[in-house]
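The values are calculated or read from the model by the stated rules, or taken from the named source; none is laboratory data. Quick caveat, the model's predicted, so the values are computed rather than measured. Cβ placement follows ideal geometry from the backbone for every residue including glycine, while neighbour counts extend to all protein chains displayed.
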Amino acid sequence: MLGLAQRAGSVESGEFCTERAVKSGRAKLVFVAEDASPATRKNFRDMCDYYGVTIRTGPDMERMGRAIGRKTRASLAITDENFANAILKIAEEEEIGGSANGR
C-alpha cells in the first residue's frame, strides 16, 4: 500500500520532507522506522502530538525505503486521508493477526 501511495504522489519521505508535511498540515499519518535514532523517534512523536497527526512505528529503515522504491528512510508521511486510513487498517489487521498467530 505504501508503494501505491508513493506512485500516487501521496508520500513525503525523509526527515526534512516529513517534518515539513507535518508542520504544514498535509501529513495524515507518519511512520518512523523502528531503528531510527531515539532522538529522531522522540522528535517526531512530540511533533505529531503537537500537530495532532497519527504516528506509528514502521519497519526498519531499509524496509521502509524499499516499500516506496527508495533507499533507507527513517521517516515518511502519508498526505492522502484515504491512503492513511487504508494503511492504518492493514496495520491493525496485521497486529491482530500477528498476536492471534503468536498464541
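Restricting attention to the stretch 7-56, the residues that are of a type in the set (F, W, Y) and either without any contact (Cβ under 8 Å) to a residue 12 or more places away in the chain or more than 11 Å from A74 (Cβ to Cβ) (or both) add up to 3. With respect to the conditions (1) acidic (D, E); (2) buried (at least 19 other Cβ atoms within 10 Å of the Cβ); (3) in a loop (DSSP other than H, G, I, E, B), E12 falls short on a single one, namely (3). The number of residues in the stretch 41-50 that are farther than 18 Å from V11 by Cβ, over 12 Å from the mean Cα position of the chain (by Cα) and surrounded by 14 or more Cβ atoms within 10 Å (Cβ to Cβ) comes to 1. Scan the stretch 39-92 for residues that are within 21 Å of G25 (Cα to Cα), of a type in the set (K, R) and in a helix (DSSP H, G or I) and the total you get is 3. Can you name the condition, by its number, that R73 falls short on among (1) surrounded by fewer than 18 Cβ atoms within 10 Å (Cβ to Cβ); (2) modelled with pLDDT of 90 or more; (3) not hydrophobic (A, V, I, L, M, F, W, C)? It fails just one condition, (1). Taken across the stretch 23-38, residues that are assigned to a helix (DSSP H, G or I) and surrounded by 16 or more Cβ atoms within 10 Å (Cβ to Cβ) do not occur at all.
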